[in-house]
Amino acid sequence: MLKKDPTLVGERKQDTNPRGDMDSNRALPERDVHQGGLRLPAGLLAALFVMVLALLGISARFQAHGDLNLIHSVLSLFFSINLLVCYWEICLFFRRDYIERRTGYWRERQRETGRTPAGEFLASRVPLTRLLSPTVWADAWATYAQYDSSYADRRTFGFNVDIGNGFVTPLPTLILYAAYTFDFLPALYAGIIGAMVFWQWIYATTLYCVSFFVAGRHTRISRLETFIFIIVINSFWVLCALLGLYVSIRLIVDGNYSVLGS
């Protein structure tokens, strides 16, 4: 039998709310016997969201301009991932107390089962009725906090920079997603917006990585975990942002969308 996080004793009543979000001492969404209906793995739901949104942009551009462009496709994928992450980051803000408690639960669960928390969370089945539940997706941060404890500590740079990204970048992301697809903005304006937001992603992500190593958090996890969860994930963010910065400069200099195939 799984042990409960001792910090949760006596707190079940406070965590319960009228919307039926899962209590912080429950292991996984599929263990809630009161939730019926179709359930899909959390990782599959996230992948479907990103895939559908990216393909919508790619196919819409093909319909509008009759071409497929690699740069546009990569940035459509990046924008789609960022929109999903922005929602998770908003959940990080509104469920910060819950995440701090769940971090201890996942740590104890890993000791007992030997399973990777991130993998177990992504494999957990989420009822479609709770597809947008902030409490469900808060577990993404509680499991990631096993590799970077910043996300269970609201005083850290990593915690706050991600909250900032979640609230600030959805609007410019949507504007650029639409502009790159339909060319509805003058290229100069799209380039200026892109230059600002892409540089912000480069700077913030790089500084996050520096803070991770300066704080010595890499000494608490294995080299493989550091490579996968810190270097690979954040390298994708920086490389896509560098590509976007290049596109933004070309939009400003060229005055048109030719860099995207128009």
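The values are calculated or read from the model by the stated rules, or taken from the named source; none is laboratory data. It should be emphasised that the depicted structure is a prediction, and the values quoted were computed from it without experimental measurement. Cβ sites come from the backbone with ideal geometry, for glycine too, and all protein chains shown count toward neighbours. Just the protein is used for accessible areas: all its heavy atoms, side chains included, with ligands, DNA and RNA removed. Shrake-Rupley method; radii C 1.70, N 1.55, O 1.52, S 1.80 Å.
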For the chain, with +1 on Lys and Arg beta carbons and -1 on Asp and Glu, the positive-most of Val232, Val136, Val210 along the dipole: Val136
Relative contact order, percent, segment 88-196 [alpha-carbon distance under 8 Å, six or more residues apart]: 31 percent
Accessible area in square angstrom per residue, segment 68-197, 1.4 angstrom probe: 40 Å²
Apportionment of accessible area to carbon and sulfur, the chain, percent (1.4 Å): 68 percent
Cleavage-rule hits, chymotrypsin sites (Phe, Trp or Tyr not before Pro), segment 126-208, DSSP coil, Cβ neighbours within 10 Å at most 15: Phe184
Net lengthening on full extension, Leu224/Val253 (0.36 nm per residue, minus Cα-Cα): 6.3 nm
Longest segment of the chain lacking trypsin sites (Lys or Arg not before Pro) that sit in a DSSP loop with at most 13 other Cβ atoms within 10 Å: 156-262
With Cα atoms, 0 to 90° folded angle of helix 170-182 axis to the chain main axis: 40 degrees
Net length gained if the chain between Ser211 and Trp199 were fully extended (0.36 nm per residue, minus Cα distance): 2.5 nm
Mean separation of Cα contacts under 8 Å (6+ apart) over length of the chain, as relative contact order %: 23 percent
Two-site FRET efficiency, Ala47 against Val74, from Cβ-Cβ distance with R₀ of 22 Å, rounded to 0.05: 0.85
Nearest-ten-degree value, helix 42-65 long axis tilted from longest Cα axis of the chain: 10 degrees
Segment Ala178-Leu55, extension gain: residue separation times 0.36 nm, minus the distance between their alpha carbons: 43.0 nm
